[in-house]
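The values are calculated or read from the model by the stated rules, or taken from the named source; none is laboratory data. Treat the numbers as computed from the prediction; the structure is a model and nothing was measured. When we count neighbours, we look across all protein chains shown, and the Cβ atoms used for this are built from the backbone with ideal geometry, even at glycine. The accessibility values were calculated without ligands, DNA or RNA, using every heavy atom of the protein model including side chains. Shrake-Rupley method; radii C 1.70, N 1.55, O 1.52, S 1.80 Å.
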Amino acid sequence: MTLPDTSFPSFSRQRVTVADGVALNVAVGGSGSPVVLLHGFPQTHLMWRHVAADLAADHTVICPDLRGYGDSDKPVDTDGHTYSKRTMAADVVALARALGHDRFALAGHDRGALVAVRAGLDHPDAVTHLASLDVLPTLDMWDVLHGTTAAVGFHLYLMAQPPGLPEAMIGASADAFFGHFLDIWTNDPAAIPADVRAAYLEASREAVPSIVADYRASATADVDDDRADREAGNRLRMPVTVLQQDWGAALGFDAAARWREWAPDLEHRTVSCGHFMAEEAPADVVKALRSLLAR
């Protein structure tokens with residue numbers, strides 16, 4: 001993937017092995033208590049360039065490409081679990097440990113937020129603080145989509161289909177497909193300049209099978225894992241901050257109440273920017289993360 005020259009200028013780039021045959025591309029910078037930042041769709045670690053630079057003043061900031069994205073490895077999904085959030089969360093814990101951190105704060109946007117939530121549920125002794133940007137937990141996400149309003153999530157249903165058709169359809173028009181989300185989910189188009197947009201499209205175009213596998217897992221393995229946790233009463237034990245557009249008003253649900261079922265120590269904030277808030281409103285995201293880390 002070709003990164004803009006100005007991205008993460010003071011960060012080192014590494015490849016870190018996190019599982020058999022899987023290494024993650026990661027940018028690491030700063031010093032102090034560790035914070036891991038996980039990107040969303042259809043993006044890479046590049047989305048954190050503004051937030052990471054600020055946090056690196058007093059934290060060790062770790063920004064990986066998730067497995068299946070960017071310059072990280074993209075193993076073939078052989079069993080429906082290769083891209084489960086449980087597997088991807090284990091990658092994150094292994095990455096932090098390989099870099100010398102048994103405990104760390106964790107923030108995720110979009111798909112990365114789902115990985116972060118699973119890491120918090122599966123590895124509560126490793127995750128000290130957790131932030132989620134603009135998603136609901138997987139089980140709740142499917143539950144709130146009803147009728148014609150569910151059309152906003154058409155891509156969720158497309159990529160939930162069995163292997164073959166989604167990959168073929170998306171691969172045949174990858175730039176149009178991925179570019180659609182970069183366009184309609186952004187309130188401020190200038191927040192994603194042309195060189196960054198091009199990097200996202202290049203990375204996504206080269207990762208269609210693994211991106212689809214990630215989404216397909218959210219309709220299968222991830223639902224099963226979330227349901228098992230809900231039935232067992234497993235919840236997030238650490239302080240949690242959620243930043244979210246007002247999807248509840250649009251789709252008819254109480255977002256804070258949904259999150260509170262998973263996170264007793266919750267701060268939930270509704271934002272006015274678009275979906276890509278780390279790029280559209282980085283100062284607000286940094287402020288929220290610093291507040292979380294002080295709890």
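Numbers at a glance
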| read-out | value |
| --- | --- |
| Mean-position separation - Cα centroids, segment 121-156 and segment 42-84, in angstrom | 18 Å |
| Rounded to 5, the percent of DSSP beta bridges in the chain classed as antiparallel | 35 percent |
| 222 nm mean residue ellipticity, helices alone, for the chain (DSSP H n ≥ 4; -39,500 (n - 2.57); rounded to 500) | -12000 deg cm²/dmol |
| Global geometry of segment 157-295, whether rounded, prolate or oblate, following the gyration tensor of its Cα atoms and the 1.5 cut on a/c | oblate |
| Size descriptor, Kirkwood hydrodynamic radius, that averages inverse alpha-carbon separations across segment 161-230, Å | 13.7 Å |
| Probe 1.4 Å, protein heavy atoms only - accessible area per residue of the chain in square angstrom | 38 Å² |
| Extension gain (nm, one decimal) between Ala232 and Ile184, 0.36 nm per residue minus Cα-Cα | 13.5 nm |
| Efficiency of FRET between Asp102 and Thr148 - r from beta-carbon atoms, R0 51 angstrom, step 0.05 | 0.60 |
| Structure-derived Kirkwood radius over Cα pairs in Å - corresponding label in [x] 19.6; [y] 20.4; [z] 18.9 | [z] |
| Three-way shape label, segment 205-251, alpha-carbon gyration tensor, a/c 1.5 | oblate |
| Relative contact order, percent, the chain [alpha-carbon distance under 8 Å, six or more residues apart] | 21 percent |
| Nitroxide proxy distance, nm - points 7 Å out along Cα→Cβ at Ala94 and Asp246 | 4.3 nm |
| Fraction of accessible area attributable to carbon and sulfur, the chain (%, probe 1.4 Å) | 53 percent |
| Burial ranking of peptide ranges 203-216, 93-106 (average Cβ count within 10 Å, highest at the top) | 203-216, 93-106 |
| Choice from Asp79, Asp188, Asp284 showing the highest fluctuation, given a GNM over the chain with Cα pairs closer than 10 Å | Asp79 |
